[in-house]
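Below is one structure; the comments refer to it alone.
The values are calculated or read from the model by the stated rules, or taken from the named source; none is laboratory data. Treat the numbers as computed from the prediction; the structure is a model and nothing was measured. Heads up, the Cβs are rebuilt from the backbone with ideal geometry, glycines too, and the neighbour counts pull from every protein chain shown. Quick note on the areas: whole protein, heavy atoms, side chains included, nothing else; ligands and nucleic acids left out. Shrake-Rupley method; radii C 1.70, N 1.55, O 1.52, S 1.80 Å.
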Amino acid sequence: MIDINGGMKAFRAGACLLAAALALGAPLAGLQENEPAAPDTVEATEFPSGVASLDRVVAVVGDTAILLSDIQVTLYQLQGAGARIPPEGSERWKTFADDVLEAMIDDLIYLQQARNAGVTVPEDRVTQMADEIFAERRSRFSSDEEMMLAVEETGMNMLQFRQMLRSQAQAEGMRQAYRFELEQRDDLPPVIVSEEEVEAAFEEFAQNQPPRPALVSFNRLVVTPNPSGAARDSLVARTIRVQNDFANDEEFSVLARRHSDDDGTREQGGELGWMNRDLLVKPFGDAAWGARPGQTVGPVQTQFGFHFIKIERQRGAERFLRHILLRPEISEDDVEEARTLAIQVADSLRAGADPERLVAVFRGRVADEAIRFDDVSLASLVSQFTGGGAESGLTAPTPGTVYGPLPIERGGPTEFGLVHVLSFRPEGPIELNDVRDQIRQSLRTRKQIDVILQEVRANTYIDVRF
């Protein structure tokens, strides 16, 4: 993607080349293997001082040409972004330019392969990417008029400039989508990543990284209020009515409009749409993924109430779901009872009780969800609780301490969280062990994609004339 960096000076240096750079995406008609398909030199117009007056083809990749001006554009933009470009004409400049050209060839191969694979990018995503690029460019000028004058110096108006950015955004989006598809393949070639490579990558990675945030590992239990008295009886009666309606073979969407308390989905027949299991609270996800497409399950209790869930169909890791929510009426007395129970559970934790055992003993009162969390940022943990848990001392946790009950608001009634801190690491410089696995996986994936790319390159017509 062509970049415009470094304010007016760099913009004007690179902008006069932008029209020539568009030839990067122009197909060459009638290309035959081992036969040139374009002249070696073409007339260039309005090049800035110091740029050769003749443009020429420096590489052909498949059916697409890369021009010398394309390399010059990239070098100007790298320089505007702060890169140190060797003096033009020197051996170091040629080496640097060779590396740029190789990267451009790789980008073109990605783009061509994406097109061949039928990869598309949603129009709204292309628009978003183009708007983000435009906004970044605009931020480099003091006014709209100054930017417009700079664009007009290239021979384009603002509409054409935006169209160019949109074309570039679409190409970049296709490359990203194709690379993501490659990374998801289950037949990626085997590669070896050495510890030396991991350490070298970490040294480069860590140079410009901010300090590692404070990290905490902990067990967490959440006590949820249950309805009592008449509210409980009403919930039971409503549950039975829904079950009876299902027994009469009524459509799920009809029953959702009749019974559901979920204002956001009721009029759509309870439609949640395509959902990933990770986006759902645990009891809901467990029930939805424990059934087959076409089945209805429930009632399933979460902190929001009782759900009936319809699994309509599946695609990959996603399922298309509908639900009926029966939201109980929770009184202040119910909330206070939950707080009292949370105090008792906290005392049990402090006495050494196993948290999973406590979930089993208080099933239906302690939420059935993940308990153990490792290396979570302290800020993320604290933000879960109303008021941030400051009064409890959670903002400066001590390993071995149980904090709570701490009030939580998660879209249902007020709940109470208990946090048993297992370990705490204050803020500090990032360390290799913090990111070792991520770096190793990143290097492995990069190597695997490089192997695939080299195979594609070996079967692609590439004529380098630089």
Could you list, in sequence order, all residues of the range 269-295 that are part of a loop (DSSP other than H, G, I, E, B) and within 22 Å of V366 (Cβ to Cβ)? L280, V281, G290
Taking the range 309-344 and the residues there that are free of Cβ contacts under 8 Å to residues at least 60 places away in the same chain and outside any strand (DSSP E or B), the one that is farthest from G270 (Cα to Cα) would be Q344
Extreme residue, farthest from the chain's Cα centre (by Cα), among residues of the range 234-245 that are surrounded by 16 or more Cβ atoms within 10 Å (Cβ to Cβ) and of a type outside the set (K, R): D245
So T414, is it closer than 20 Å to I343 by Cα, modelled with pLDDT under 95 and polar (S, T, N, Q): yes
Selected residue (only one of F284, F304, F308 is farther than 21 Å from E415 by Cα and buried (at least 18 other Cβ atoms within 10 Å of the Cβ)): F308
Taking T401 as the residue in question, decide whether it is over 26 Å from the mean Cα position of the chain (by Cα), more than 21 Å from P211 (Cβ to Cβ) and open to solvent by 50 Å² or more (accessible area, probe 1.4 Å). no
List pairs: first in the range 345-358 and in a loop (DSSP other than H, G, I, E, B), second aromatic (F, W, Y), Cβ under 8 Å, 6+ apart or cross-chain? none
Being small (G, A, S), open to solvent by 30 Å² or more (accessible area, probe 1.4 Å), touching a residue at least 24 places away in the same chain (Cβ under 8 Å) and under 30 Å from V366 (Cα atoms) is the requirement here; does S392 meet it? no
For the range 424-466, the count of residues that are among the aliphatic types (A, V, I, L, M), out of contact with any strand residue (DSSP E or B) (no Cβ under 7 Å at 6 or more places or on another chain) and more than 30 Å from L215 (Cβ to Cβ) equals 6
Could you please find all residues in the range 146-168 being farther than 28 Å from T120 by Cα and under 26 Å from the mean Cα position of the chain (by Cα)? none
Would you mind stating whether D375 is loosely packed, with under 15 Cβ neighbours inside 10 Å and modelled with pLDDT of 90 or more? yes
Please work out if E199 is open to solvent by 80 Å² or more (accessible area, probe 1.4 Å) and of a type outside the set (G, A, S). yes
A careful count of residues in the range 94-137 that are over 25 Å from the mean Cα position of the chain (by Cα), open to solvent by less than 50 Å² (accessible area, probe 1.4 Å) and free of Cβ contacts under 8 Å to residues at least 60 places away in the same chain gives 1
If a residue must be open to solvent by 40 Å² or more (accessible area, probe 1.4 Å) and at pLDDT 90 or above, how many such residues does the range 212-233 contain? 1
Given the condition among the hydrophobic types (A, V, I, L, M, F, W, C), assigned to a loop (DSSP other than H, G, I, E, B), under 26 Å from D450 (Cα atoms) and modelled with pLDDT under 90, answer yes or no: does some residue in the range 58-69 qualify? no
Which residues, counting only those in the range 162-182, are closer than 15 Å to R137 by Cβ, open to solvent by 80 Å² or more (accessible area, probe 1.4 Å) and not basic (K, R)? Q163
Out of all the residues in the range 311-340, which are among the aliphatic types (A, V, I, L, M) and surrounded by fewer than 19 Cβ atoms within 10 Å (Cβ to Cβ)? A317, V335
Looking only at residues that are open to solvent by 60 Å² or more (accessible area, probe 1.4 Å) and acidic (D, E) in the range 433-450, which one is modelled with the highest pLDDT? D437
Those residues that are over 18 Å from the mean Cα position of the chain (by Cα) and touching a residue at least 24 places away in the same chain (Cβ under 8 Å), I need them from the range 171-189; list them, please. A171, L188, P189
